[in-house]
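The values are calculated or read from the model by the stated rules, or taken from the named source; none is laboratory data. No experiment lies behind these values; they were computed from the predicted model shown. Note that we place each Cβ from the backbone using ideal geometry, even for glycine, and neighbour counts take in every protein chain shown.
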């Protein structure tokens, strides 16, 4: 991730003008510290002349009077020292950076910049910063170490950055468990990923705790790492404590890991309900597990599809995934089911079986007007993938503002895919739409439109449509587009 130099320059200017650290930048954001480091070096002219000098560091040693000021801001001496030291730690002159580390080492609020200096290209600066960190990190309390960890991990991708992450590991390894726990719940996902990987490597968490983390954490990387570690660490005869949280997880890949582990635990029969899971990866794993029992999934899907209101919504798409085109009649019948999720699943199944062609498309078109957004979305995806031509006039009629939004989106998706004049007509008609997302999509559609083969050059309707969307192009680009369409040539 590249630091935002504009934000860094703005923060540097606030520091040059005498603002305290907490007002100049968000000290809780690791990106703000990295941006400040870049921003100070980008200061130019008179702004750079206000940076601390070597003489200031060597001679005055920051002994300002209490009423000392920078340009127009009056500060207390301690605030001024922190402000000037922060600038010095980012100074373009490596000798100033090196000298400032000695002064800043005893100030925890400046440790994030010393972390940045520990990756400095200049060896003397780098080594002095690393020595300061070796001394400081073990002495930090839990809150201070929790605040510093995101900065260490933010610069971990840099060259010469292994020192910081290894020092953090060593500090956590030698610290009690309560120093690790705040990182497992840290709002920064990079910190949580590091903490869980560390805890797994050091065997600090039980399989049950790892399973609960896989179920609860919002980050997919943490979910996957914890799920895999829980299954690898748990003995087969105590699988239930680790499996149950995985099988209840919201993330499909975590559930899939739990379903796959059912076979190893001797509980393959518990995979049967997951044949109709809402996620394709879970259904696929469930089919693998039940087949190890000698059970063929297709008859189970057929039985579910005949169960009426008791049918699980994932049954129709599951049938398509392991069936063949002879099952299309079952799915066509389910497109009229009273439950919207089952209708959507049936349409998705027809797409998976490639069972929608010109002869059958008329059966699917009415479902584009379905009151359920999920059904209309699946219908649009199926018609877009099928070798059928949906009448453009029929679709244009569904772009009206009186139609539900999900129907308008589905119709525009199909018109946009058709290309040619229908696409341009539809897109231009939505440029003034009250829905901001539809307006945005329409503008993108206009900008990528090209005259199709077979449309005569100089078409009057194309000329009129281009006049209505001229604001989307620069004068030069609009002229080129009109020339390509044979307008005004």
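Observations on the model:
- Any hit, region 179-198, residues being surrounded by fewer than 21 Cβ atoms within 10 Å (Cβ to Cβ) and more than 26 Å from the chain's Cα centre (by Cα): yes
- Among the conditions (1) farther than 30 Å from residue 335 by Cα; (2) more than 26 Å from the chain's Cα centre (by Cα), the only one that residue 295 does not satisfy is (1).
- Restricting 254, 290 to residues that are under 30 Å from residue 199 (Cβ atoms), touching a residue at least 12 places away in the same chain (Cβ under 8 Å) and out of contact with any strand residue (DSSP E or B) (no Cβ under 7 Å at 6 or more places or on another chain) narrows the list to 254.
- Scanning region 358-378 turns up no residue that is over 28 Å from residue 312 (Cα atoms), out of contact with any strand residue (DSSP E or B) (no Cβ under 7 Å at 6 or more places or on another chain), without any contact (Cβ under 8 Å) to a residue 40 or more places away in the chain and buried (at least 16 other Cβ atoms within 10 Å of the Cβ).
- Close Cβ contacts (under 6 Å, 6 or more residues apart or on different chains) running from residues in region 181-209 that are in a loop (DSSP other than H, G, I, E, B) to residues that are surrounded by 16 or more Cβ atoms within 10 Å (Cβ to Cβ) comprise 186/192; 188/150; 205/199.
- Reported count of residues in region 379-412, each being out of contact with any helix residue (DSSP H, G or I) (no Cβ under 9 Å at 6 or more places or on another chain) and in contact (Cβ under 8 Å) with a residue 24 or more places away in the chain, is 1.
- Residues that are within 14 Å of residue 437 (Cβ to Cβ) and surrounded by 15 or more Cβ atoms within 10 Å (Cβ to Cβ), drawn from region 400-418: 406, 408, 409, 410, 412, 413, 416
- Considering region 7-19, and only residues there that are in contact with a strand residue (DSSP E or B) (Cβ under 9 Å, 6 or more places away or on another chain) and surrounded by fewer than 19 Cβ atoms within 10 Å (Cβ to Cβ), the residue that is modelled with the highest pLDDT turns out to be 19.
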